[in-house]
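Note sheet for the following structure.
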Amino acid sequence: MDIRGIDHIELYVGDARQAAFYFGTAVGFTLRGQGGPETGLVGQRSLLLGQADVRMVLTSGLTADHPASTYVSRHGDGIAVVAVEVGDAAGAYAELVDRGATPVTPPRTWTGADAEVVTAEVGGFGDVLHRLVERRGDRDDFLPGAIEAAPAGGVDPQLLAEIDHLAVCVPPGQLDDTVALYERVFGFAQIFEEHIEVAGQAMNSKVVQDASGRVTLVLLEPDAGRRPGQIDAFLTEHHGAGVQHLGLRTDDIVGAVGALGARGVRFAGTPAAYYDDLEQRVGKVDAPLDQLRDLSILVDADHGGQLLQIFTESMHVRRTLFLELIERRGARTFGSGNIRALYEAKERELAAAGATPAVAVGTARGVGA
(Lines give C-alpha, C1' and ligand atoms only; values in the text may rest on other atoms or scores of the structure.)
Protein backbone atom coordinates (compact mmCIF):
# COMPACT_ATOMS: atom_id res chain seq x y z
CA MET A 1 0.00 0.00 0.00
CA ASP A 2 1.03 3.55 -0.64
CA ILE A 3 0.66 4.90 2.90
CA ARG A 4 1.55 8.59 3.03
CA GLY A 5 1.13 9.31 6.72
CA ILE A 6 -1.56 9.90 9.33
CA ASP A 7 -4.41 11.87 7.79
CA HIS A 8 -6.28 12.42 11.05
CA ILE A 9 -7.41 10.75 14.25
CA GLU A 10 -11.00 10.56 15.46
CA LEU A 11 -11.98 10.54 19.09
CA TYR A 12 -15.36 9.22 20.17
CA VAL A 13 -16.42 11.38 23.11
CA GLY A 14 -19.46 11.88 25.29
CA ASP A 15 -19.71 15.60 24.50
CA ALA A 16 -17.91 16.84 21.38
CA ARG A 17 -18.38 20.50 22.22
CA GLN A 18 -16.99 20.10 25.72
CA ALA A 19 -14.00 18.12 24.42
CA ALA A 20 -13.41 20.78 21.74
CA PHE A 21 -13.39 23.45 24.43
CA TYR A 22 -10.57 21.65 26.26
CA PHE A 23 -8.48 20.95 23.16
CA GLY A 24 -9.05 24.49 21.91
CA THR A 25 -8.64 26.48 25.12
CA ALA A 26 -5.91 24.39 26.73
CA VAL A 27 -4.04 22.64 23.90
CA GLY A 28 -4.33 25.36 21.26
CA PHE A 29 -6.34 23.60 18.56
CA THR A 30 -8.64 25.68 16.34
CA LEU A 31 -12.05 24.71 14.96
CA ARG A 32 -11.74 23.95 11.24
CA GLY A 33 -15.05 22.27 10.45
CA GLN A 34 -18.25 20.76 11.78
CA GLY A 35 -20.98 18.38 10.70
CA GLY A 36 -24.06 16.59 11.93
CA PRO A 37 -27.50 15.43 10.81
CA GLU A 38 -27.96 18.65 8.82
CA THR A 39 -24.92 17.76 6.68
CA GLY A 40 -25.77 14.09 6.26
CA LEU A 41 -23.88 12.65 9.25
CA VAL A 42 -26.67 10.47 10.59
CA GLY A 43 -26.93 10.16 14.35
CA GLN A 44 -23.76 12.06 15.21
CA ARG A 45 -22.18 15.45 15.82
CA SER A 46 -18.57 15.90 14.65
CA LEU A 47 -16.15 18.77 15.09
CA LEU A 48 -12.88 19.03 13.15
CA LEU A 49 -9.97 20.61 15.02
CA GLY A 50 -6.50 21.34 13.74
CA GLN A 51 -3.09 22.65 14.70
CA ALA A 52 -0.27 22.74 12.13
CA ASP A 53 -0.34 19.24 10.53
CA VAL A 54 -2.40 17.62 13.30
CA ARG A 55 -6.07 17.04 12.46
CA MET A 56 -8.48 15.69 15.05
CA VAL A 57 -12.16 14.84 14.71
CA LEU A 58 -14.31 14.77 17.85
CA THR A 59 -17.50 12.76 17.40
CA SER A 60 -20.43 12.23 19.76
CA GLY A 61 -23.28 9.84 19.03
CA LEU A 62 -26.77 11.30 19.14
CA THR A 63 -28.47 7.92 19.50
CA ALA A 64 -27.76 5.06 21.88
CA ASP A 65 -26.92 2.63 19.07
CA HIS A 66 -24.46 4.89 17.22
CA PRO A 67 -20.91 3.43 17.18
CA ALA A 68 -19.60 6.48 19.05
CA SER A 69 -22.17 5.98 21.80
CA THR A 70 -21.40 2.29 22.24
CA TYR A 71 -17.65 2.97 22.19
CA VAL A 72 -17.89 5.66 24.89
CA SER A 73 -20.18 3.45 26.98
CA ARG A 74 -17.57 0.68 26.99
CA HIS A 75 -14.26 2.55 26.87
CA GLY A 76 -14.94 6.17 27.80
CA ASP A 77 -13.64 9.03 25.64
CA GLY A 78 -10.79 7.83 23.44
CA ILE A 79 -9.17 7.52 20.05
CA ALA A 80 -11.43 5.22 18.04
CA VAL A 81 -10.14 5.81 14.50
CA VAL A 82 -6.59 6.19 13.19
CA ALA A 83 -6.89 7.42 9.61
CA VAL A 84 -4.04 7.04 7.13
CA GLU A 85 -3.73 8.72 3.76
CA VAL A 86 -3.24 6.35 0.84
CA GLY A 87 -2.95 6.76 -2.90
CA ASP A 88 -5.87 4.43 -3.70
CA ALA A 89 -8.38 3.87 -0.90
CA ALA A 90 -10.52 1.33 -2.78
CA GLY A 91 -7.47 -0.65 -3.86
CA ALA A 92 -5.94 -0.55 -0.38
CA TYR A 93 -9.21 -1.70 1.18
CA ALA A 94 -9.43 -4.68 -1.17
CA GLU A 95 -5.79 -5.56 -0.57
CA LEU A 96 -6.12 -5.36 3.22
CA VAL A 97 -9.27 -7.49 3.31
CA ASP A 98 -7.57 -10.03 1.05
CA ARG A 99 -4.66 -10.16 3.53
CA GLY A 100 -7.01 -10.83 6.42
CA ALA A 101 -8.12 -7.42 7.71
CA THR A 102 -11.64 -7.24 9.12
CA PRO A 103 -13.83 -5.28 6.66
CA VAL A 104 -15.88 -2.56 8.38
CA THR A 105 -16.95 0.13 5.87
CA PRO A 106 -16.55 -0.36 2.10
CA PRO A 107 -15.19 2.47 -0.06
CA ARG A 108 -17.33 5.58 -0.30
CA THR A 109 -16.74 8.72 -2.34
CA TRP A 110 -17.43 12.20 -0.96
CA THR A 111 -17.63 14.83 -3.69
CA GLY A 112 -17.53 18.63 -3.48
CA ALA A 113 -17.00 21.50 -5.88
CA ASP A 114 -13.21 21.43 -5.59
CA ALA A 115 -12.42 18.15 -3.89
CA GLU A 116 -13.11 14.44 -3.91
CA VAL A 117 -12.34 12.15 -0.98
CA VAL A 118 -12.60 8.37 -0.93
CA THR A 119 -12.76 6.61 2.46
CA ALA A 120 -12.97 3.00 3.63
CA GLU A 121 -12.48 1.34 7.02
CA VAL A 122 -10.99 -1.88 8.36
CA GLY A 123 -10.42 -3.23 11.86
CA GLY A 124 -7.20 -2.52 13.73
CA PHE A 125 -6.41 -3.32 17.39
CA GLY A 126 -9.18 -3.76 19.96
CA ASP A 127 -12.18 -1.67 18.91
CA VAL A 128 -10.01 0.87 17.07
CA LEU A 129 -10.51 1.16 13.31
CA HIS A 130 -8.20 2.27 10.53
CA ARG A 131 -9.71 4.63 7.99
CA LEU A 132 -8.14 4.74 4.54
CA VAL A 133 -8.33 8.23 3.03
CA GLU A 134 -7.63 9.16 -0.60
CA ARG A 135 -7.64 12.89 -1.36
CA ARG A 136 -8.00 14.67 -4.68
CA GLY A 137 -8.27 18.40 -5.25
CA ASP A 138 -8.59 20.90 -2.40
CA ARG A 139 -6.98 19.24 0.61
CA ASP A 140 -8.57 21.73 2.99
CA ASP A 141 -12.02 20.35 2.10
CA PHE A 142 -11.83 17.65 4.75
CA LEU A 143 -14.93 15.60 3.96
CA PRO A 144 -16.95 17.22 1.14
CA GLY A 145 -20.67 17.41 1.80
CA ALA A 146 -20.37 16.11 5.37
CA ILE A 147 -17.92 18.35 7.28
CA GLU A 148 -18.49 22.03 6.53
CA ALA A 149 -15.61 24.46 6.96
CA ALA A 150 -15.95 26.57 10.09
CA PRO A 151 -15.67 30.37 9.97
CA ALA A 152 -12.14 31.58 10.58
CA GLY A 153 -11.61 31.82 14.32
CA GLY A 154 -8.61 32.35 16.54
CA VAL A 155 -5.01 32.22 15.42
CA ASP A 156 -3.43 28.75 15.30
CA PRO A 157 -0.47 29.05 17.72
CA GLN A 158 1.26 26.04 16.08
CA LEU A 159 2.78 24.88 19.33
CA LEU A 160 2.57 21.32 17.98
CA ALA A 161 3.84 20.16 14.59
CA GLU A 162 2.54 16.66 13.83
CA ILE A 163 1.58 13.28 15.26
CA ASP A 164 4.79 11.49 16.21
CA HIS A 165 3.35 8.15 17.38
CA LEU A 166 0.48 6.45 19.17
CA ALA A 167 1.12 4.29 22.24
CA VAL A 168 -1.22 1.29 22.37
CA CYS A 169 -1.87 -1.00 25.35
CA VAL A 170 -2.84 -4.61 24.62
CA PRO A 171 -3.77 -7.36 27.10
CA PRO A 172 -1.15 -9.89 28.25
CA GLY A 173 -0.37 -12.44 25.55
CA GLN A 174 -1.56 -10.28 22.65
CA LEU A 175 1.60 -8.32 21.83
CA ASP A 176 3.14 -10.77 19.38
CA ASP A 177 -0.18 -11.39 17.62
CA THR A 178 -0.73 -7.65 17.25
CA VAL A 179 2.75 -7.17 15.80
CA ALA A 180 2.13 -10.06 13.40
CA LEU A 181 -1.15 -8.45 12.30
CA TYR A 182 0.55 -5.19 11.38
CA GLU A 183 3.42 -6.96 9.64
CA ARG A 184 1.30 -9.44 7.67
CA VAL A 185 -1.77 -7.35 6.88
CA PHE A 186 -0.65 -3.72 6.92
CA GLY A 187 2.93 -4.20 5.74
CA PHE A 188 4.51 -2.52 8.77
CA ALA A 189 7.94 -3.50 10.08
CA GLN A 190 9.02 -3.95 13.69
CA ILE A 191 11.78 -1.42 14.40
CA PHE A 192 12.31 -1.66 18.17
CA GLU A 193 11.57 -3.85 21.17
CA GLU A 194 12.31 -3.76 24.88
CA HIS A 195 11.51 -5.38 28.20
CA ILE A 196 11.36 -3.15 31.27
CA GLU A 197 11.16 -4.19 34.91
CA VAL A 198 10.41 -1.57 37.54
CA ALA A 199 9.80 -2.20 41.24
CA GLY A 200 8.11 -5.57 40.75
CA GLN A 201 6.25 -4.44 37.64
CA ALA A 202 7.24 -5.33 34.08
CA MET A 203 6.12 -4.71 30.53
CA ASN A 204 7.08 -5.65 27.00
CA SER A 205 7.05 -3.16 24.15
CA LYS A 206 7.45 -3.50 20.40
CA VAL A 207 7.31 -0.66 17.89
CA VAL A 208 5.89 -1.12 14.39
CA GLN A 209 6.13 1.45 11.60
CA ASP A 210 4.98 1.73 8.00
CA ALA A 211 7.42 2.01 5.09
CA SER A 212 7.08 5.81 4.92
CA GLY A 213 8.18 6.10 8.56
CA ARG A 214 5.26 8.41 9.27
CA VAL A 215 2.85 6.00 10.98
CA THR A 216 4.29 4.58 14.21
CA LEU A 217 2.59 2.43 16.84
CA VAL A 218 4.29 1.76 20.18
CA LEU A 219 2.66 -1.44 21.42
CA LEU A 220 2.73 -2.12 25.18
CA GLU A 221 1.87 -5.36 26.98
CA PRO A 222 2.02 -5.93 30.77
CA ASP A 223 3.91 -8.90 32.13
CA ALA A 224 1.15 -10.92 33.80
CA GLY A 225 3.70 -12.63 36.05
CA ARG A 226 4.61 -9.38 37.79
CA ARG A 227 2.81 -6.89 40.01
CA PRO A 228 0.08 -4.94 38.14
CA GLY A 229 1.15 -1.47 36.97
CA GLN A 230 -0.05 1.42 34.83
CA ILE A 231 -0.59 -0.72 31.71
CA ASP A 232 -2.83 -3.06 33.69
CA ALA A 233 -4.69 -0.05 35.11
CA PHE A 234 -5.32 1.31 31.62
CA LEU A 235 -6.61 -2.06 30.35
CA THR A 236 -8.94 -2.33 33.34
CA GLU A 237 -10.38 1.19 33.11
CA HIS A 238 -10.51 1.18 29.31
CA HIS A 239 -11.96 -2.35 29.19
CA GLY A 240 -9.51 -3.72 26.67
CA ALA A 241 -6.89 -2.65 24.16
CA GLY A 242 -6.70 0.98 23.12
CA VAL A 243 -4.59 4.10 22.66
CA GLN A 244 -2.99 5.02 25.98
CA HIS A 245 -1.35 8.22 24.77
CA LEU A 246 -0.92 10.33 21.68
CA GLY A 247 2.63 11.50 20.97
CA LEU A 248 2.70 14.98 19.46
CA ARG A 249 5.95 16.33 18.04
CA THR A 250 6.93 19.93 18.68
CA ASP A 251 9.87 21.95 17.41
CA ASP A 252 10.18 23.83 20.72
CA ILE A 253 9.15 21.78 23.73
CA VAL A 254 10.22 24.42 26.25
CA GLY A 255 8.03 27.03 24.58
CA ALA A 256 5.15 24.57 24.07
CA VAL A 257 5.13 23.34 27.66
CA GLY A 258 5.29 26.89 28.98
CA ALA A 259 2.43 28.02 26.73
CA LEU A 260 0.21 24.99 27.35
CA GLY A 261 0.87 25.13 31.08
CA ALA A 262 -0.29 28.75 31.07
CA ARG A 263 -3.43 27.63 29.22
CA GLY A 264 -4.25 25.13 31.97
CA VAL A 265 -2.72 21.86 30.76
CA ARG A 266 -1.47 19.80 33.72
CA PHE A 267 1.77 17.89 33.20
CA ALA A 268 3.21 14.96 35.11
CA GLY A 269 5.83 16.08 37.62
CA THR A 270 9.45 14.91 37.76
CA PRO A 271 11.56 14.37 40.92
CA ALA A 272 14.15 17.12 41.27
CA ALA A 273 16.83 14.44 41.76
CA TYR A 274 16.27 13.29 38.15
CA TYR A 275 18.28 16.31 36.96
CA ASP A 276 21.24 15.78 39.27
CA ASP A 277 23.09 13.50 36.85
CA LEU A 278 21.15 14.26 33.66
CA GLU A 279 24.10 15.33 31.51
CA GLN A 280 26.21 12.43 32.78
CA ARG A 281 23.54 10.10 31.39
CA VAL A 282 22.63 11.78 28.09
CA GLY A 283 25.47 14.20 27.36
CA LYS A 284 25.38 17.97 27.07
CA VAL A 285 21.84 19.27 26.65
CA ASP A 286 21.26 22.39 24.58
CA ALA A 287 18.76 23.86 27.04
CA PRO A 288 19.10 25.43 30.50
CA LEU A 289 18.84 22.65 33.10
CA ASP A 290 17.02 24.91 35.54
CA GLN A 291 14.39 25.54 32.86
CA LEU A 292 13.98 21.81 32.19
CA ARG A 293 13.71 21.20 35.93
CA ASP A 294 11.13 23.94 36.41
CA LEU A 295 8.99 22.52 33.57
CA SER A 296 9.62 18.82 34.45
CA ILE A 297 10.84 18.08 30.90
CA LEU A 298 12.62 14.72 30.50
CA VAL A 299 15.66 14.04 28.28
CA ASP A 300 16.83 10.76 26.76
CA ALA A 301 19.40 9.83 24.13
CA ASP A 302 20.13 7.13 21.57
CA HIS A 303 22.76 6.71 18.85
CA GLY A 304 20.98 9.31 16.69
CA GLY A 305 20.83 12.12 19.22
CA GLN A 306 18.58 13.33 22.02
CA LEU A 307 14.87 13.69 22.60
CA LEU A 308 13.02 15.87 25.07
CA GLN A 309 9.61 14.72 26.27
CA ILE A 310 6.86 15.28 28.81
CA PHE A 311 3.49 13.72 29.51
CA THR A 312 0.24 15.41 30.43
CA GLU A 313 -2.08 14.19 33.11
CA SER A 314 -5.11 12.43 31.65
CA MET A 315 -8.00 14.76 30.94
CA HIS A 316 -10.58 11.97 31.21
CA VAL A 317 -12.62 10.74 34.15
CA ARG A 318 -11.28 7.18 33.71
CA ARG A 319 -7.68 8.47 33.76
CA THR A 320 -6.96 6.71 30.48
CA LEU A 321 -5.94 8.73 27.40
CA PHE A 322 -3.25 11.39 27.84
CA LEU A 323 -0.83 13.31 25.62
CA GLU A 324 2.93 13.31 25.18
CA LEU A 325 4.90 16.24 23.82
CA ILE A 326 8.18 15.24 22.21
CA GLU A 327 10.98 17.21 20.56
CA ARG A 328 13.37 15.09 18.54
CA ARG A 329 16.96 16.23 18.23
CA GLY A 330 18.11 13.29 16.13
CA ALA A 331 16.81 10.51 18.43
CA ARG A 332 14.53 7.93 16.87
CA THR A 333 13.48 6.01 19.98
CA PHE A 334 10.85 6.85 22.59
CA GLY A 335 12.52 7.70 25.87
CA SER A 336 12.68 4.29 27.56
CA GLY A 337 15.83 5.39 29.39
CA ASN A 338 13.70 7.85 31.31
CA ILE A 339 11.79 5.04 32.99
CA ARG A 340 14.93 3.85 34.72
CA ALA A 341 16.15 7.39 35.41
CA LEU A 342 12.86 8.46 36.98
CA TYR A 343 12.80 5.49 39.31
CA GLU A 344 16.44 5.93 40.27
CA ALA A 345 15.73 9.59 41.04
CA LYS A 346 12.78 8.54 43.17
CA GLU A 347 15.03 5.98 44.91
CA ARG A 348 17.42 8.74 45.93
CA GLU A 349 14.58 10.81 47.32
CA LEU A 350 13.19 7.82 49.23
CA ALA A 351 16.64 6.90 50.54
CA ALA A 352 17.14 10.45 51.77
CA ALA A 353 13.83 10.12 53.60
CA GLY A 354 14.82 6.74 55.06
CA ALA A 355 12.46 4.66 52.89
CA THR A 356 13.28 1.43 51.06
CA PRO A 357 14.38 2.10 47.46
CA ALA A 358 12.78 0.41 44.46
CA VAL A 359 14.61 -1.54 41.78
CA ALA A 360 14.51 -0.77 38.06
CA VAL A 361 16.13 -2.74 35.27
CA GLY A 362 15.56 -2.85 31.56
CA THR A 363 16.87 -4.17 28.26
CA ALA A 364 16.17 -2.95 24.76
CA ARG A 365 16.88 -4.05 21.23
CA GLY A 366 16.38 -2.33 17.89
CA VAL A 367 16.76 1.25 16.78
CA GLY A 368 18.91 3.13 19.25
CA ALA A 369 19.87 0.07 21.29
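Would you work out the relative contact order for the chain, in percent, from Cα pairs under 8 angstrom that are 6 or more residues apart?
With pairs under 8 Å counted, the relative contact order is 15 percent.
From largest accessible area down, sort 73, 336; use a 1.4 Å probe on the protein chains.
So the residues, ranked largest to smallest area, are 73, 336.
Please check: in the Gaussian network model of the chain (C-alpha springs, under 10 Å), which one of 161, 262, 189 has the largest mean-square fluctuation.
262
How would the stretch 195-340 be classified by its alpha-carbon gyration tensor: rounded, prolate or oblate, with rounded meaning a/c under 1.5 and the a/b versus b/c comparison settling the rest? Mind showing how you got there, number by number?
Details: a/c = 1.44, a/b = 1.34, b/c = 1.07.
Since a/c stays below 1.5, the shape of the stretch 195-340 is classed as rounded.
How high is the relative contact order of the stretch 77-224? Use alpha-carbon pairs under 8 Å, at least six apart in sequence, and give a whole percent.
About 19 percent, as a whole number.
Can you send over the carbon and sulfur percentage of the accessible area for the stretch 1-61, probe radius 1.4 Å, protein chains only?
Values: 1060 of 2140 Å².
Answer for the stretch 1-61: carbon and sulfur cover 49 percent of the accessible area.
Taking θ = phi - 60°, what integer Hz values does the Karplus form 6.51 cos²θ - 1.76 cosθ + 1.60 yield along the stretch 178-185, in sequence order, with x for Gly and Pro?
So the J values, rounded to whole Hz, are 5, 4, 4, 4, 6, 6, 6, 8.
With no solvent and one point on each alpha carbon, what is the Debye value of log10 I(q)/I(0) for the stretch 19-76 at q = 0.29 Å⁻¹?
-1.08
Once you place label points 7 Å from the Cα toward the Cβ at residue 99 and residue 191, how far apart are they in nm?
Distance between the two pseudo-spin positions: 1.7 nm.
Rounded, prolate or oblate: which fits the stretch 26-153 when a ≥ b ≥ c are the square roots of the eigenvalues of the alpha-carbon gyration tensor, with rounded for a/c under 1.5 and prolate only if a/b beats b/c?
Here the stretch 26-153 falls in the oblate category.
Roughly to the nearest percent, how much of the accessible area of the stretch 172-271 is carbon and sulfur, given a 1.4 Å probe? Walk me through the intermediate numbers first.
Values: 1870 of 4010 Å².
For the stretch 172-271, the apolar C and S fraction of the accessible surface comes to 47 percent.
With everything on Cα atoms, drop me the angle between helix 16-25 and the longest principal axis of the chain, reported from 0 to 90° to the nearest 10.
On a 0 to 90 degree scale, this one is about 50.
Just to check, using Stokes-Einstein with a Kirkwood Rh over alpha carbon pairs, what's the diffusion coefficient of the stretch 124-172 at 37 °C and 0.692 mPa s in µm²/s? Write down the numbers at each step before the final one.
On the way: Rh = 15.1 Å.
The Stokes-Einstein estimate is 218 µm²/s.
From the Cα trace of the stretch 3-52, what convex hull volume per residue do you get, rounded to a whole Å³? If you can, show how the numbers build up before the last one.
Working: hull volume 5.1 nm³, N = 50.
Given the Cα convex hull of the stretch 3-52, per-residue volume reads 103 Å³.
Please compute the modelled spin-label separation between residue 183 and residue 2, points set 7 Å along Cα→Cβ, answer in nm with one decimal.
If labels sit at residue 2 and residue 183, their model points lie 2.8 nm apart.
How large are Rg and Dmax for the stretch 82-188 when only the alpha carbon atoms are used, in Å?
16.4, 49
Just to be sure I follow the definition: excluding the sites themselves, where is the longest run in the chain that has none of the trypsin sites (Lys or Arg not before Pro) in a DSSP loop with at most 15 other Cβ atoms within 10 Å?
After excluding every exposed loop site, the longest remaining stretch is 1-138.
Could you point to the residue in 75, 243, 41 farthest towards the positive end of the chain's charge dipole, with +1 and -1 charges on the Cβ of Lys/Arg and Asp/Glu respectively?
Toward the positive end, the furthest listed residue is 75.
If I model a spin label at residue 62 and residue 149 as a point 7 Å from the Cα along the Cα→Cβ vector, what separation in nanometres do I get?
Here the answer is 2.4 nm between the modelled labels.
Any idea what the dipole of the stretch 108-264 comes to, in debye rounded to 20, about its Cα centre with Lys/Arg Cβ at +1 and Asp/Glu Cβ at -1?
120 debye
Stretched out fully, how many nm does the piece from residue 294 to residue 70 gain, at 0.36 nm a residue minus the Cα gap?
Length gained, residue 294 through residue 70: 76.5 nm.
In the stretch 92-140, carbon and sulfur make up what percent of the accessible area (probe 1.4 Å)?
45 percent
Compute the accessible area per residue over the chain, keeping the other protein chains in place, probe 1.4 Å, unit Å².
On a per-residue basis, 43 Å².
Using alpha carbons only, how many degrees (0 to 90, rounded to 10) separate the axis of helix 337-352 from the longest principal axis of the chain?
Once rounded, the angle reads 40 degrees.
Normalised by the residues of the stretch 22-156, what does the relative contact order come to in percent, with Cα pairs under 8 Å and at least six apart?
So the answer I get is 25 percent.
Using the Kirkwood radius built from alpha carbon pairs, what does the Stokes-Einstein equation give as D for the stretch 166-251 at 25 °C and 0.890 mPa s, in µm² per second?
The estimated diffusion coefficient comes to 184 µm²/s.
For the chain, state the average projected area of the convex hull of the C-alpha atoms over all orientations, rounded to one decimal in nm².
For the chain, averaging the hull's shadow over all directions gives 18.1 nm².
The values are calculated or read from the model by the stated rules, or taken from the named source; none is laboratory data. Just so it is clear, the structure is predicted and the values come from calculations on it, not from any experiment. Glycine also receives a Cβ, built like all others from the backbone with ideal geometry; neighbour counts cover every protein chain displayed. Surface areas here come from the heavy atoms of the whole protein model, side chains and all, with no ligands, DNA or RNA. Shrake-Rupley method; radii C 1.70, N 1.55, O 1.52, S 1.80 Å.
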